[in-house]
1. Mind jotting down the distance between the C-alpha centroids of the range 351-380 and the range 265-331, whole Å?
2. Starting from the alpha-carbon convex hull of the range 1-102, give the projected area averaged over all orientations, in nm².
3. What nm distance separates the two modelled labels at Phe13 and Tyr30, each placed 7 Å from Cα along Cα→Cβ?
4. Treating the Cα atoms of the range 241-312 as identical point scatterers in vacuum, please give the log10 of the normalised Debye intensity I(q)/I(0) at q = 0.14, 0.15, 0.17 Å⁻¹, two decimals.
5. Between Glu82 and Phe20, take the C-beta separation as r, use R0 = 60 Å, and let me know the FRET efficiency to the nearest 0.05.
6. Can you check what the Kirkwood hydrodynamic radius comes to for the chain, Cα pairs only, in Å to one decimal?
7. For the cross-link pairs Lys257/Lys304; Lys222/Lys289; Lys257/Lys377; Lys83/Lys222; Lys222/Lys257, which exceed 18 Å when the distance is taken from alpha carbon to alpha carbon?
8. Add -39500 (n - 2.57) for each DSSP H run of 4 or more in the chain, then divide by its residues: what number comes out at 222 nm, to the nearest 500 deg cm²/dmol?
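FYI, it's all coordinate maths here, none of it is from the lab. These numbers were taken from a predicted model, which means no experiment stands behind them. FYI the Cβ positions are ideal-geometry reconstructions off the backbone, even for glycines, and counts take in every protein chain you see.
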Amino acid sequence: MSFEMGFLCVYAFLLVVLSFYGGHRYLMAYLYYRHKNRVPVPVAEYAAADLPLVTVQLPIYNEQYVIERLIDAVCEFDYPREKMEIQVLDDSTDETCAVASDAVDRMHALGHDIVYIHRSDRSGYKAGALEAGAAVAKGEYIAVFDADFVPEADFLQRTIHFFTDPKIAMVQTRWDHINRRFSLLTRAQAIILDGHFIMESCARNRSGRFFNFNGTAGIWRKTAITDAGGWQHDTLTEDLDLSYRAQVRGWNFVFLKDTVAPAEIPVEMNAFKTQQHRWTKGSIQTGLKLLPSILRSDLSFKVKMEAFFHLTNNIAYVFMVMLCLMMPLSIPIRSHFREDWLGYMDLPVFLLATGAIAFFYMAAEREVGIGVKERFKYLPLVLSMGVGICLNNAKAVIEALTGHETGFVRTPKYRVEENGKSDWKHTMAKYHKKMDWLPYAELALGIWFTVAVVGVFYLAAVEAQYGLLMAVPFLALFQFGFLYISLQSMFQTRSGGLMAAFSNLFASFTSTPRD
């Protein structure tokens, strides 16, 4: 076999693998629509006098800009004060300690049962803080909110009654986005998160498959946490890990699509990438930890298969990086064979991967109530970002597979509101990430695909190989994705006054009008 033919065989294999994982989105969409009307309802409701004691845990680390907003929101819950305990679990090492402590004192003086618990070390990170809080929690049920959330007043009243069923371990609500329209980046993230919650979580839960607690905006039965082995910190996604352990033990979960918990989406590209890295690495770690025993268990075939897709899906990022390196090289090789059908090699991945992902997110936005024009407007950006983030996430996958240990890196929040009044560009410097090699590699890939686009048009114009033009949509998505993510990462990295000036200029072009 010639080198060229071997190269194309490997390339075709990558397309098949990516189509396999991408096409899974069609299944999620199918399951969502098939079970859409199976809306969960409590088997009974607590009488007002019988409402159980709930502990609300607020795990934070260096969140000085948003912690007061969270504490104020939780203290507005329309739940009997004598039946609600609030724990502020603070591992902070900066001014957040004073801000949080003062807010707790203020609310305690107003009659709220609220305590401030500060750890001098971050052992176990978030999982360690939750475990420490649970050890002294008075509540039968534990609700968890991250610092970037602003839960609505009726949160507990809309979730607690599901626990009248003794088999229910956890109730998860859907995230909403208070700064969805702040910029192109936040719009794209909102669409991605809507797809996860509306299509994936809803489809999995209502079709009888496992889904996961998302680390926040949910409420747990305390005995279920203990029965499943408690919070463990050997992965970066302690929420996913505990979720699977609890469901394997026979506990049931509930996802409430129509009960929302507003939250702030990261406004920095580097913060978004940090969050994606943590989620990606943690999911692979959880898969390595739990998937072998799940596949050997007596769980149903559909549960096992969905667990496999769920816990291995991020491996596709490694194949995506390989495809990125090979796709431009495949153009001259396909041209060498001068076979028109080779120009259509990318069509299956478009139909099974890109097409599935596009349909998946369009359907999710329709369920949220986003108009057709806006859905189409931002879809190319979402697809491009899904490609552009692949190097960042592939790095996370490789770290998980090789056992490379990294700490729990928080996602900075700056109290960015929808109206854009936040002074985030001045406050962001405190929590800025320093420049590393990744944006340069992403930029190189962006340039690599720019050369490839030019090369395709050259071959079509000079050698009349028009079939190769089928690759242009893919090449353009990859090109824009890598350029957008790399340049945003560079411009938003602390590198002195000149870079800060470029950041302000670039942000002015990528921000969208406030609705």
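1. About 22 Å separates the Cα centre of the range 265-331 from the one of the range 351-380.
2. Details: hull surface 56.7 nm².
Averaged projected area of the range 1-102's Cα convex hull equals 14.2 nm².
3. Modelled inter-label distance: 2.8 nm.
4. -0.61, -0.68, -0.82
5. Details: r = 54 Å, r/R0 = 0.90.
The computed FRET efficiency comes out at 0.65.
6. Values: mean 1/r = 0.0412 Å⁻¹.
Value: 24.2 Å, from the Cα pair sum.
7. Values: Lys257/Lys304 24 Å; Lys222/Lys289 23 Å; Lys257/Lys377 25 Å; Lys83/Lys222 15 Å; Lys222/Lys257 23 Å.
Pairs exceeding the cut-off: Lys257/Lys304; Lys222/Lys289; Lys257/Lys377; Lys222/Lys257.
8. Values: 19 runs with 275 residues, N = 515.
Rounded to the nearest 500, the figure is -17500 deg cm²/dmol.
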